[in-house]
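A.B. asks: I have a structure here, written as structure tokens, and I will follow up with some questions on it.
The values are calculated or read from the model by the stated rules, or taken from the named source; none is laboratory data. Not measured: the values here are computed from a predicted model. Every residue, glycine as well, gets a Cβ built from its backbone with ideal geometry; the counts of neighbours run over all protein chains shown.
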Amino acid sequence: MAGRLEGTVALVTGASSGIGEATALALAAQGSALALAARRRDRLEALASRIGGDVKVQVHETDVTDEDQVRRMVELTVTEHGRLDTLVNNAGVMLLGPIEGAPTEEWRRMVNLNLVGLLYCTHAALPHLLAAAASGQRGVADVVNVSSVAGRVARRDSGVYNATKWGVVAFTESFRQEFTTRHLRATVVEPGATVTELAFQNRQEVLEQMAKNFAGIEMLQSEDIANAVLYAVTQPRHVSVNEILVRPTEQER
């Protein structure tokens, strides 16, 4: 039996680990061809080898904060695969800590990657997504932006990360309204506490506080979020899943 995404092409950023990797595997299992983007080429190539089979996979070593690299990534994707139906903006970084005395370089990294990089990718992919929505059997295309529960709930020691993820939520909703009649859907996915490499880029004192905050909680796995992404992009043409908030059962907020 053919997968639900047979004949489509998906571009996944931040695909070298965690949610991006799991999402790529989930999309491939449903028949989507893939373009995988991240800065770690070796990890992308290993993932492409794992997918294997009859799924066509392309690897792009890309820094999404560089607009020229992003445009080249999208153009190479469309040149190789012939179309682009799904964009999953997953690349991001989470650097927490107090605002007072914060290393502002961490702020720039988060704003540039979590927000500006997502904007670059969406802008570059837009004409190709609209073309896919206007043609083919599905008659619909998708942008999925991975935000966070931090895009819903502000917490101390998370101010700039909150700001970037709230920005993702606001942009996604405005984008959705702009393209409703052209069948380009927009979904924001907001994971709660999830086991990925994301947390381990933080300073040691932040890691220790995070461990206390989530002690005793059975956290989400990357596959749980990949399932949410897959749910959104496999809906019928007339169904648009605008927002999915996924928390561990034991996480209060």
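A.B. asks: Can you name every one of the helices (runs of 4 or more DSSP H) wholly within the range 91-179 that holds 3 or more residues which are exposed (fewer than 15 other Cβ atoms within 10 Å of the Cβ)?
C.D. replies: Working: elements: 104-110, 118-133, 159-178.
The helices (runs of 4 or more DSSP H) meeting that bar are 104-110, 159-178.
A.B. asks: Out of L44, L11, L27, which single residue is closer than 18 Å to E223 by Cβ and buried (at least 24 other Cβ atoms within 10 Å of the Cβ)? Don't jump to the end; show me each part of the working.
C.D. replies: Values: L44 fails: closer than 18 Å to E223 by Cβ; L11 fails: closer than 18 Å to E223 by Cβ.
So the residue among L44, L11, L27 that is closer than 18 Å to E223 by Cβ and buried (at least 24 other Cβ atoms within 10 Å of the Cβ) is L27.
A.B. asks: Restricting the search to the range 58-90, which residues are hydrophobic (A, V, I, L, M, F, W, C) and crowded, with 23+ Cβ neighbours inside 10 Å? Write out each step before concluding.
C.D. replies: Step one: of the range 58-90, the residues hydrophobic (A, V, I, L, M, F, W, C) are 59, 64, 70, 73-74, 76, 78, 84, 87-88.
Selection gives V64, V70, M73, V74, L84, L87, V88.
A.B. asks: For the range 79-100, does any single residue satisfy the condition of being of a type in the set (A, V, I, L, M), free of Cβ contacts under 8 Å to residues at least 60 places away in the same chain and in contact with a helix residue (DSSP H, G or I) (Cβ under 6 Å, 6 or more places away or on another chain)? It would help to see each step written out before you state the result.
C.D. replies: Applying the first criterion (of a type in the set (A, V, I, L, M)) to the range 79-100 yields 84, 87-88, 91, 93-96, 99.
Narrowing further to those that are free of Cβ contacts under 8 Å to residues at least 60 places away in the same chain: none.
Taking every residue of the range 79-100 in turn, none turns out to be of a type in the set (A, V, I, L, M), free of Cβ contacts under 8 Å to residues at least 60 places away in the same chain and in contact with a helix residue (DSSP H, G or I) (Cβ under 6 Å, 6 or more places away or on another chain).
Quick grid of which residues meet (1) more than 20 Å from L184 (Cβ to Cβ); (2) touching a residue at least 40 places away in the same chain (Cβ under 8 Å); (3) assigned to a helix (DSSP H, G or I); (4) of a type outside the set (A, V, I, L, M, F, W, C):
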site: G3; (1), (2), (3), (4): yes, no, no, yes
site: S16; (1), (2), (3), (4): yes, no, no, yes
site: I19; (1), (2), (3), (4): yes, yes, yes, no
site: A35; (1), (2), (3), (4): no, yes, no, no
site: S49; (1), (2), (3), (4): yes, no, yes, yes
site: Q58; (1), (2), (3), (4): yes, no, no, yes
site: T65; (1), (2), (3), (4): yes, yes, no, yes
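A.B. asks: Count, please, the residues in the range 136-154 that happen to be in contact (Cβ under 8 Å) with a residue 60 or more places away in the chain, in contact with a helix residue (DSSP H, G or I) (Cβ under 7 Å, 6 or more places away or on another chain) and within 16 Å of G167 (Cα to Cα). Break it down stepwise before answering.
C.D. replies: Our first condition is that a residue be in contact (Cβ under 8 Å) with a residue 60 or more places away in the chain; within the range 136-154, this holds for 136-140, 142, 144, 146, 149, 152-153.
From the residues that got through so far, the ones that are in contact with a helix residue (DSSP H, G or I) (Cβ under 7 Å, 6 or more places away or on another chain) too are 139-140, 142, 144, 146.
From the residues that got through so far, the ones that are within 16 Å of G167 (Cα to Cα) too are 144, 146.
Number satisfying all stated conditions: 2.
A.B. asks: Looking at (1) more than 25 Å from N112 (Cα to Cα); (2) small (G, A, S); (3) at pLDDT 95 or above, which one does A38 not meet, given that it meets all the others?
C.D. replies: (1)
A.B. asks: Restricting attention to the range 75-100, and to residues there that are of a type in the set (D, E, K, R) and closer than 16 Å to V143 by Cα, which single residue is farthest from the chain's Cα centre (by Cα)?
C.D. replies: Here is the first cut: in the range 75-100, the residues of a type in the set (D, E, K, R) are 75, 80, 83, 85, 100.
Then drop every residue that is not closer than 16 Å to V143 by Cα, which leaves 83, 85.
Values: R83: 19, D85: 15 Å.
Restricting to residues being of a type in the set (D, E, K, R) and closer than 16 Å to V143 by Cα, the top hit is R83.
A.B. asks: Taking the residues in the range 41-66 that are β-branched (V, I, T) and at pLDDT 95 or above as candidates, determine which candidate is farthest from L84 (Cα to Cα). So that I can check it myself, show each step before the final result.
C.D. replies: Step one: list which residues in the range 41-66 are β-branched (V, I, T), which gives 51, 55, 57, 59, 62, 64-65.
Those left that are additionally at pLDDT 95 or above: 57, 59, 62, 64-65.
Values: V57: 13, V59: 15, T62: 17, V64: 17, T65: 21 Å.
Among residues in the range 41-66 that are β-branched (V, I, T) and at pLDDT 95 or above, the one farthest from L84 (Cα to Cα) is T65.
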